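Participant: One structure coming up, written as structure tokens, with questions to follow.
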Amino acid sequence: MGYDEPTRTEPAGTPVDLPANPDDPEPGAAGHDRIGVHLAWEVVLLAGAVVLAYLLWRTQPATLRGAGLRDLLIDLVALGLLTVAAGLSLRTAAVNLAVGPVAVAAALHFAEQSERSVPAVVGPATLVAALGGLVLALVVVVLHVPSWAASLAGAAGVIVYIEQRAAPVVVQGDHDPGRAALHLFAGFAALAVLGGLFGAIRAVRRLVGRSRPVGDPALPQGPVAAVLTAFALVSSTVLAMLAGTLLAAEATAPVAPGTGLDGTVLAVGTALLAGTSAYGRRGGIFGTLFAVSLVALFLAWAQARGWVVSPWAVGGVALAIGLLVTRLVETFGRPRSTEVEVADRPVSGDGTISSGWSAPRSRPVDTWSPPALPTDPPPHPVDPWAGPGWDERPHRRAAGGDDPPRWAPGGDRTPRWEAGGDASPRWQVGGDRSPRWRADDDASPRWGAGDERSGRWETRDDPPRWETRDDR
């Protein structure tokens, strides 16, 4: 009978590959964003808009009713269209900096052609704006260059068109968009909120997130990202044209030519203030509606109090706060880290233990690393005098006694230097082979006296040097 214990799903030491985030459009991209940080910031925007509406009502109540309210709503919708244009390009990480100049050029065109019907004026302008946005998109997508640089070049070309007018242009026609102010505001609110809801869908965020670079921004992001970038640039250019047309139709004073870059700063700043990330992909739901309302109410309140506020100042402040909001969104809007839980393999059919209690789920298998092996002790230094030639070798035991060494008397093998040994050394007298240095040997040394081959150093009278003499 086996032990009633759950078996391990992975052997010890087996690394577990963490699965990629299911929301990642590309390796390294962020996954499903947390929308709570956007909702919290949108509550702050709503509170600010309510406070400004109250201040405006206390300062000039006529602005919030009748003709004043209609004019306020038209200004709000025009700013809202510019903000949606900038926010759409920001969501795809391809900001369009030409929205302001395009709006001014569209306003001048409408003022010059205002004696014609609205469709006859808006139709050709829409076509030209779409073609201009398409050219800009092709430059960005085909050459794969930063959209801010390409759109800035496009803005310079539009400003050249604007500077062809030396004086303000008076609106000739009698077009009053104020009569449809509520409908226009409702359309803008629906566009902003539905766009935010649509962008909050996980699949749409994954699709839009493909345009956000996750590695080298100079590398192409793929055909899907290229199509989305082109769509955003074309749509933002057309929306900017509609905003300029609406401003010209609502204007009671002549339309003055200008660069329109202040409108770009105001639109981009308001889009960032709404919660759209400057890095692309991330954005809120009601943020655009609340942020545009906040800025429009502030401008109306400042005008009611008699303040001269530059659009550059308002846009710069909105841009600065929007950058802080971007850092807030990027910090707290990221997806939570993916946690991997390894499923158990049941021992029996029902996955329970025979004693009646269920086996606990195994914890995630951590990456195992082998323990450090003990360090081998340093080898002992080799003694040059401890070689095998100097060790005592085993020898045969003598009969009835211990093993005497070979040099000891009575050993089984008498050393050669001992007198009477069976193998007398050559230098010993009486040995079987006398050393060559004996005078009577048949092989006398060459230095010996009487040798037929006497040594050169020895004479007959002089004894060899090893012989002891009295004088030496």
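Participant: Tell me which of these residue 276 doesn't satisfy, since it passes every other one: (1) more than 30 Å from residue 333 (Cβ to Cβ); (2) at pLDDT 90 or above; (3) β-branched (Val, Ile, Thr); (4) part of a loop (DSSP other than H, G, I, E, B).
Facilitator: (1)
Participant: Can I ask one more? Which residues, taken from the range 299-325, are surrounded by fewer than 21 Cβ atoms within 10 Å (Cβ to Cβ) and farther than 21 Å from residue 258 by Cβ?
Facilitator: Answer for the range 299-325, where residues must be surrounded by fewer than 21 Cβ atoms within 10 Å (Cβ to Cβ) and farther than 21 Å from residue 258 by Cβ: 304, 305, 306, 320, 321, 323, 324.
Participant: Please work out which residue is nearest to residue 92 (Cα to Cα), limiting yourself to the range 172-214 and to residues that are outside any helix (DSSP H, G or I) and under 36 Å from the mean Cα position of the chain (by Cα).
Facilitator: Of everything passing the filter in the range 172-214, 212 is nearest to residue 92 (Cα to Cα).
Participant: Using the structure shown, decide if residue 3 is aromatic (Phe, Trp, Tyr), modelled with pLDDT of 90 or more and either under 27 Å from the mean Cα position of the chain (by Cα) or more than 24 Å from residue 240 (Cβ to Cβ) (or both).
Facilitator: No, not satisfied.
Participant: Can you pull out every residue in the range 294-319 that is touching a helix residue (DSSP H, G or I) at 6+ places or on another chain (Cβ under 6 Å) and free of Cβ contacts under 8 Å to residues at least 12 places away in the same chain?
Facilitator: 309
Participant: Let me ask something additional. Any idea which residue in the range 272-290 is farthest from the chain's Cα centre (by Cα), counting only those that are among the aliphatic types (A, V, I, L, M) and over 16 Å from residue 197 (Cα atoms)?
Facilitator: My answer is 273.
The values are calculated or read from the model by the stated rules, or taken from the named source; none is laboratory data. Remember, predicted model here, so these are calculated numbers, not experimental data. When we count neighbours, we look across all protein chains shown, and the Cβ atoms used for this are built from the backbone with ideal geometry, even at glycine.
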